[in-house]
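To start, the structure under review is shown below, and the notes come after it.
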Amino acid sequence: MKLRVGRVGAGATALAAAATLMVSAGSASATTDPGTTWDHTYEASGVRVYVKEYGDVVSVCDTKANGHSAVVQVRDLDWPYNYEMTAGGGVGSCKSHRASDGAKYNLREGRGIDLYFDGDGGVLSGEGYFVNDH
């Protein structure tokens, strides 16, 4: 079963606040930047994506032991996307980028940011959207 996350407005930023640091997946868990308070959380089968607007931090985590990596594409104005990143270490692995990692990771302020993600090895089944206003 695929969980599709549609567009989310900037006002709906309190998704799963209690689960922002740890994602359970059976007996394994995926953790991302401890101590970070996330502005947005999105998920689909096998993947969870976290966003902190200040510093343009985006993290992707693999949440399902299915033999597929979790992947996210991040897009503001660039086509087809600014960057793509993969949590390729199996269930429990995460990958993050932030503005300080270089120009392509520094998302434009005041712009809508699209996220496309997947964790089942198929088409990018999950979508997220936020306005980068921090």
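A short reminder: the numbers here are calculations on the coordinates, not readings from a lab. Here the structure is a predicted model, which is why all the values come from computation and not from measurement. Note that we place each Cβ from the backbone using ideal geometry, even for glycine, and neighbour counts take in every protein chain shown.
What the table below lists for this structure:
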quantity	calculated
Extreme residue, positive dipole direction of the stretch 71-132, given options 113, 96, 123 (C-beta unit charges)	96
Inter-probe distance in nm under a simple model that places probes 7 Å from Cα toward Cβ, at residue 100 and residue 83	1.3 nm
Residues residue 37 and residue 123, FRET efficiency given R0 of 22 Å [Cβ-Cβ distance, rounded to 0.05]	0.10
Ratio of the Cα radius of gyration of the stretch 80-127 to 2.2 N^0.38 Å, where N counts its residues	1.30
Mean Cβ count within 10 Å, highest first, over the residues of peptides 79-85, 54-60	54-60, 79-85
Dipole in debye (nearest 20) - the stretch 30-134, about Cα centre, beta carbon charges: Lys, Arg +1; Asp, Glu -1	180 debye
